[in-house]
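The values are calculated or read from the model by the stated rules, or taken from the named source; none is laboratory data. Quick caveat: nothing in here was measured; it's all calculated off a predicted structure. Cβ: placed from backbone, ideal geometry, glycine included. Neighbour counts: every protein chain shown. Please note that ligands, DNA and RNA were not included when accessible areas were found on the heavy atoms of the full protein model with its side chains. Shrake-Rupley method; radii C 1.70, N 1.55, O 1.52, S 1.80 Å.
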Amino acid sequence: MKFNIDDIIHPEDASAIKTLKALPGFDKLAKYMMAKITEEMMHSLNMGSHLRLGPNQYPEIYNMLVDVCATLGISPVPELYLQLDRQLNACTYGDSRMFIVVNSGLLESVTHEEIKAVIAHECGHIVCRHVLYHNLANALVNGSSILLPDIATEAIRLALFRWTRLSELSADRVSALALGSNYHIEELLRRFCGAAMNIPGFTVNKEEYDRQLDDFERIASKSWSKTMQNLAVMSNSHPLTAVRMIELRRWVNTPQFERLVNDLQVDRYCPACGNKLPKDGVSRWCRKCGNPL
Ligand SMILES: [Zn+2]
Ligand SMILES: [Zn+2]
């Protein structure tokens with residue numbers, strides 16, 4: 001790896017995984033599930049159902065993965081599959097041999113740059129070592145829990161799903177790092193809110209959405225306790241989109257993000273318009289849109 005992962009992991013992700021691992025029975029559950037649902041099984045099930053992308057199969061998308069892996073220092077490059085599913089989603093599986101699955105709905109609904117942001121987000125789960133426990137959470141959601149009535153206690157399930165949501169914040173950070181900006185992730189997140197690419201005559205007004213984010217922050221901080229916020233999203237696989245956006249913006253404005261981008265020699269892009277920024281390091285604003293940097 002080309003960086004220290006502790007410099008990237010979101011603190012709430014780090015504390016949630018500690019809580020999860022400390023729960024009585026979690027270790028036993030993890031070992032039991034790993035023995036039942038082996039990596040080979042997941043890999044062959046996937047290979048038998050989905051389309052493997054590569055240099056001769058949709059190389060435009062596959063090369064994005066090669067690119068992101070080179071930036072982040074991921075080796076070997078995981079396999080990449082396309083799955084027929086309308087949901088705007090992607091997932092990563094495996095332990096020693098990783099593979100990423102991207103849904104067809106995503107490729108139909110977002111731009112190529114935003115697909116790269118998704119691929120970089122999935123690579124984020126790999127570098128943050130989230131994948132094994134994500135697979136565990138998926139297995140519990142998909143009904144394998146009937147095999148484990150006594151092991152997967154309610155406390156473990158809740159802690160596992162809570163950590164899964166918080167782990168998304170770290171993966172978003174890695175995605176911004178690999179892409180040199182949060183611009184395309186923000187574009188993608190606004191689509192998750194409803195700004196689909198193919199709504200006739202509609203282009204999202206970003207300034208107006210920013211005002212909405214301010215309203216959300218004000219209302220959420222005033223009227224919801226942390227506990228209530230957790231309860232409200234208890235069954236969600238991801239944090240609220242507004243939360244992801246706000247958390248990521250905070251991070252990309254830290255000196256730490258700046259340092260990591262410089263260390264990895266990633267090209268920087270304007271967070272407001274996506275324009276590639278010159279490497280002079282002295283520009284105070286974007287020459288295309290005037291956004292202060
Ligand atoms: Zn994710
Ligand atoms: Zn700009």
Any idea which of (1) more than 16 Å from ligand 1 (Cβ to nearest atom); (2) modelled with pLDDT of 90 or more; (3) within 30 Å of Arg162 (Cα to Cα) is the one Asn205 doesn't satisfy? (3)
Could you check region 240-293 and list, in sequence order, the residues that are in a helix (DSSP H, G or I), more than 25 Å from Glu217 (Cβ to Cβ) and more than 19 Å from the chain's Cα centre (by Cα)? Arg259, Asn262, Asp263, Leu264
Does region 95-114 contain any residue that is closer than 21 Å to Lys2 by Cβ and touching a Cys at 6+ places or on another chain (Cβ under 6 Å)? no
One residue is enough: does region 60-73 have a residue meeting the conditions open to solvent by 80 Å² or more (accessible area, probe 1.4 Å) and of a type in the set (A, V, I, L, M, F, W, C)? no
Somewhere in region 3-22, is a residue among the aromatic types (Phe, Trp, Tyr) and open to solvent by 50 Å² or more (accessible area, probe 1.4 Å)? no
Give me a count of the residues in region 166-189 that are open to solvent by 10 Å² or more (accessible area, probe 1.4 Å) and farther than 25 Å from Asn262 by Cα. 1
Taking region 27-69, which residues are assigned to a helix (DSSP H, G or I) and closer than 24 Å to Val174 by Cα? Pro59, Glu60, Ile61, Tyr62, Asn63, Met64, Leu65, Val66, Asp67, Val68, Cys69
Among all residue pairs at least 6 apart or on different chains, which show Cβ distances below 8 Å where the first residue, located in region 59-83, is polar (S, T, N, Q) and the second is open to solvent by less than 30 Å² (accessible area, probe 1.4 Å)? Thr71/Ala178; Thr71/Leu264; Thr71/Val266; Ser75/Cys69; Gln83/Val101; Gln83/Val102; Gln83/Asn103; Gln83/Ser104
Against the condition under 22 Å from Cys128 (Cα atoms), among the hydrophobic types (A, V, I, L, M, F, W, C) and not in a helix (DSSP H, G or I), how does Ile17 come out, does it pass? no
Out of curiosity, is Arg250 under 30 Å from Arg157 (Cα atoms) and either modelled with pLDDT of 85 or more or within 16 Å of ligand 1 (Cβ to nearest atom) (or both)? yes
Selection within region 89-114 - within 12 Å of ligand 1 (Cβ to nearest atom) and open to solvent by 10 Å² or more (accessible area, probe 1.4 Å): Asn89, Ala90, Cys91
How about region 146-178: which of its residues are more than 14 Å from Ser237 (Cα to Cα) and at pLDDT below 95? Ile146, Leu147, Leu148, Pro149, Asp150, Ile151, Ala152, Thr153, Glu154, Ala155, Ile156
Scan region 251-279 for residues that are within 16 Å of ligand 2 (Cβ to nearest atom) and open to solvent by 70 Å² or more (accessible area, probe 1.4 Å) and jot them down. Asn253, Lys276, Lys279
I'd like the full set of residues that are hydrophobic (A, V, I, L, M, F, W, C) and assigned to a loop (DSSP other than H, G, I, E, B), limited to region 153-208. Ala195, Ala196, Met197, Ile199, Phe202, Val204
Residue count, region 115-138 (criterion: surrounded by fewer than 21 Cβ atoms within 10 Å (Cβ to Cβ) and in contact with a His (Cβ under 7 Å, 6 or more places away or on another chain)): 1
